[in-house]
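A short worksheet on the structure shown next.
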Amino acid sequence: MRCHYLFLHRCTFGICTLNTTKPSVNVKLTVQTSVFIRNYVAAGDYIVYGWTVIKQDGSERRHLVRIMKLNEDYSGFSQDVTVELDCPSGHSGKLRVCGRN
């Protein structure tokens, strides 16, 4: 992943295949986003990243996660969903594990 926050406010994910018998890299797919990514993970056929949306006055924070499942030849997505995490009121924008102090 390469991020250009300073100038373009954009992150680009590149999905590549590697050929180890004849050394080469083939970029199958690129994905761009303009959100400030808090965390991301790529595992198996999935790419997941999260970000926070804050109201201009700072009164509300929303936590969002995008989950993308790659198709069989890695040229696109067979599934792509964005969900909002339900945070309790008064959480001050911080996610925490339930049941812990």
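The values are calculated or read from the model by the stated rules, or taken from the named source; none is laboratory data. These figures come from a predicted structure and were not determined experimentally. Here Cβ is always computed from backbone atoms with ideal geometry, including for glycine, and neighbour counts include all displayed protein chains. We work out accessible area using only protein heavy atoms, side chains counted, and drop any ligands, DNA or RNA first. Shrake-Rupley method; radii C 1.70, N 1.55, O 1.52, S 1.80 Å.
Descriptive notes on the structure:
- Within segment 45-72, being open to solvent by 80 Å² or more (accessible area, probe 1.4 Å) and either under 12 Å from residue 31 (Cβ atoms) or modelled with pLDDT under 90 (or both) holds for 54, 55, 56, 57, 59, 61, 62.
- Pairing residues of segment 38-49 that are under 15 Å from residue 77 (Cβ atoms) and charged (D, E, K, R) with residues that are surrounded by 15 or more Cβ atoms within 10 Å (Cβ to Cβ) and at pLDDT 90 or above, at Cβ distances under 7 Å and at least 6 apart in sequence or on separate chains, gives 45/70.
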